[in-house]
Amino acid sequence: MASNCGAHFNLSSTSVLKILKGDITRWFIDGSSDAIVNPANERMLGGGGADGAIHRAAGPELRTACFEVPEVRPGVRCPVGEAKITRGFKLPASHVIHTVGPVYDKSSNVAALLSNAYRNSLRVARENNIQYVAFPAISCGVFGYPFDEAATVAISTIKEHCNDIKEVHFVLFADDIYNVWVEKAEELLPN
C-alpha cells in the first residue's frame, strides 16, 4: 500500500479523503469494492507515467480488456473527461477506472474537463458498487497541468460528488505533488 498514513479530511458525514504518498499500483483496501483510477489516454491501451505503470502491474489482461471497450470514434475509447471501468487483474485493487484528463492549455476550458474526469470516475465507481477509490494527480504529468490548479479542481470536485463513496484516496508518487495536495486540502476542507 502507500508508504505513510498521510493526511485525512472529512468530505461529508459519510465520506473521508485520504492523501497518501506512494505507488498507486500497490494500493488496495479490500480487493473487492476498491478501484484505482488510471490517468489514461483516449485509446486506453497504455502509455507512459502512471498509465504505463498501471498497465505493467495489471498484466496483459488489462490491455486486452481495454481493447474490448468499443471505440466511440476512430482511435478513441474514452474521450477526455469520460470514464470507463475494467477489472484490476493482477493489481491488488479489484477494478481500474480509466479516465482521460485534459492537456493543459490556458486558452481552453481545462478546469471543466478535469472536473469531469473526477466526477465521471466517481459516477462509474458508484454505478459499480465501488466504496473505495484511489486517484493519482490526473493531468499533472506530461499533460502539464499546474499542480496548484489541478489540486483545487480535484479536491473541490471530489467534495461535491463523493456521495455514496466511503473513502476517496489520492495516492501521489512525488513529494512536490503530495505537498501541494495536502496544502490545498487544508485550505478547501477545514476540519
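Bear in mind these aren't lab numbers, they're just calculated from the coordinates by the rules spelled out. Bear in mind the structure is a predicted one, so any value in this text is a computation, not a measurement. Reconstructed Cβ throughout: ideal geometry from the backbone, glycine too, with neighbour counts over all protein chains shown.
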Indicate, rounded to the nearest 5 percent, the antiparallel portion of the DSSP beta bridges found entirely in the chain. 35 percent
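I'd like the trypsin sites (Lys or Arg not before Pro) in segment 19-94 restricted to DSSP loop residues with at most 14 other Cβ atoms within 10 Å, sorted by number.
Numbers: sites: K21, R26, R43, R56, R63, R77, K84, R87, K90; in loops: R43, R77, K90.
Passing sites in segment 19-94 are K90.
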Can you list which of the GluC sites (Glu not before Pro) found in segment 1-79 are DSSP loop residues with at most 14 other C-beta atoms within 10 Å? E68, E71
Over 26 Å between C-alpha atoms is what I'm after, so list which of K84/K184; K21/K166; K21/K106; K21/K184; K21/K90 land there. K84/K184; K21/K106
For segment 115-191, what is the convex hull volume of its Cα atoms per residue in Å³? 89 Å³
For segment 99-115 and segment 1-60, what is the separation of their C-alpha centers, rounded to whole Å? 20 Å
With the alpha-carbon atoms as the only input, what is the per residue convex hull volume for segment 14-84 in Å³? 125 Å³
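Starting from the exponent 0.38 and prefactor 2.2 Å, build the expected Rg for segment 7-188 from its residue count and divide its actual Cα Rg by it. Write down the numbers at each step before the final one.
Details: Rg = 14.8 Å, N = 182, 2.2 N^0.38 = 15.9 Å.
So the Cα radius of gyration is 0.93 times the expected 2.2 N^0.38 Å.
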